[in-house]
Amino acid sequence: MSQFFEIHPETPQPRLVRQAVEILKQGGVIAYPTDSAYAFGCALGEKKAAERIKWLRNLDDKHNFTLVCKDLSDIGPYAKVDNVQFRLLKSHTPGPYTWIMDATSEVPRRLLHPKRRQIGIRVPDNRIVEALVAEMGEPIMSSTLLMPGDEWPMSDAEEIRDRLEHHVDLVIEGGYCGREPTTVVDLCGDVPVLLREGKGDVTPFQ
């Protein structure tokens, strides 16, 4: 049976944030709101938790997990960023974007595409996420809460609890965050390439 925390979207309660992070650090899987849709999350080093997320979403080994970061200072250890990319990221973060970037050797191989050393990077514009990652002291490994057969990610915490209460360790109610996925931009080449149009403004990448 999963726990259910109601965390304020503007002023997250520190006690509940600490409890949520303890669940992550103990190998738990959480469902939490972002600035685009709800997501699954687990700690970076928890292989069994990551496998549980893959099982829940029916994902294969080619799926790239995303590292959810508090701010740009979190990105450096995990993704290779040049000056041009940094300026682009600075002008679009925090926000509803997923950036596909070349990964550093710090990223566990199991999080990467088997043939490409790339990783998704997110800096959501969401106070709850910011508080969770700050308390964690490292990025949260994340995947959109899109269940097999569903057209859209789940967006209602009560519905998530009803459907997944025996499969996740915590559901965070943090207000409605919509169900439109992020805009995905590939930064691995010489110029940014728009891979998916989502909630983030795509004008600069067209």
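Worth pointing out:
- Cβ-placed point charges (K, R +1; D, E -1), dipole of the chain about Cα centre in debye, nearest 20: 760 debye
- Per residue Cα convex hull volume in Å³ - calculated over the stretch 160-206: 122 Å³
- Seen from Thr182, the other residues with C-beta closer than 15 Å to its C-beta sum to a net charge of -2, counting Lys and Arg as +1 and Asp and Glu as -1.
- Ranking of Glu22, Glu46 by solvent-accessible surface, largest first: Glu22, Glu46 (1.4 Å probe, protein heavy atoms only, all chains present).
- GNM on the chain, alpha-carbon springs under 10 angstrom: the most fluctuating residue among Lys47, Lys90, Lys115 is Lys115.
- Surface per residue (accessible, 1.4 Å probe) for the stretch 53-179, Å²: 49 Å²
- Structure-derived Rg/Rh (Cα atoms, Kirkwood Rh): which label, when the choices are (1) 1.01; (2) 1.15; (3) 0.94: (3)
- Calculated FRET value between Glu22 and Val191, using beta carbons and R₀ = 30 Å, to 0.05: 0.10
- Solvent-accessible area, 1.4 Å probe, carbon plus sulfur percent, for the chain: 46 percent
- Using θ = phi - 60° and Karplus 6.51 cos²θ - 1.76 cosθ + 1.60, couplings along the stretch 62-76 (whole Hz; Gly, Pro as x): 7, 6, 8, 6, 10, 8, 8, 10, 6, 7, 5, 5, 6, 6, x
- The accessible area of Lys25, taken with all protein chains in place and a 1.4 Å probe, comes to roughly 110 Å².
- Per-residue SASA entry for Val184, accessible area with 1.4 Å probe, Å² rounded to 10: 20 Å²
- A cut-off of 5 Å between modelled amide H atoms, ignoring neighbours fewer than 5 places along the same chain, links His8 with Gln13.
- Net +/- balance of residues flanking Val202 in space, Cβ distance below 15 Å, scoring K and R +1, D and E -1: -2
- Sparsely packed loop sites in the stretch 102-206 (the GluC sites (Glu not before Pro) outside DSSP H, G, I, E and B with at most 12 other Cβ atoms within 10 Å) comprise Glu106, Glu151.
- Charges were assigned to the Cβ only: +1 to each Lys and Arg, -1 to each Asp and Glu. The resulting dipole of the stretch 60-156 about its Cα centre is roughly 480 debye.
- Enclosing the Cα atoms of the stretch 84-142 in their convex hull gives a volume equal to 98 cubic angstrom per residue.
- Net length gained if the chain between Phe4 and Asp125 were fully extended (0.36 nm per residue, minus Cα distance): 41.3 nm
- With all protein chains in place and ligands, DNA and RNA left out, the 1.4 Å accessible area ranks Lys48, Lys62 as Lys48, Lys62, largest first.
- Positive-end extreme of charge dipole, the chain - chosen from Val17, Gly174, Gly28 (charges on Cβ): Gly28
The values are calculated or read from the model by the stated rules, or taken from the named source; none is laboratory data. If you're wondering where the values come from, they're calculated on a predicted model, not measured in any experiment. In this analysis, Cβ positions are derived from the backbone assuming ideal geometry, glycine residues included, and neighbour counts consider all displayed protein chains. Accessible surface areas use protein heavy atoms only, side chains included; no ligands, DNA or RNA. Shrake-Rupley method; radii C 1.70, N 1.55, O 1.52, S 1.80 Å.
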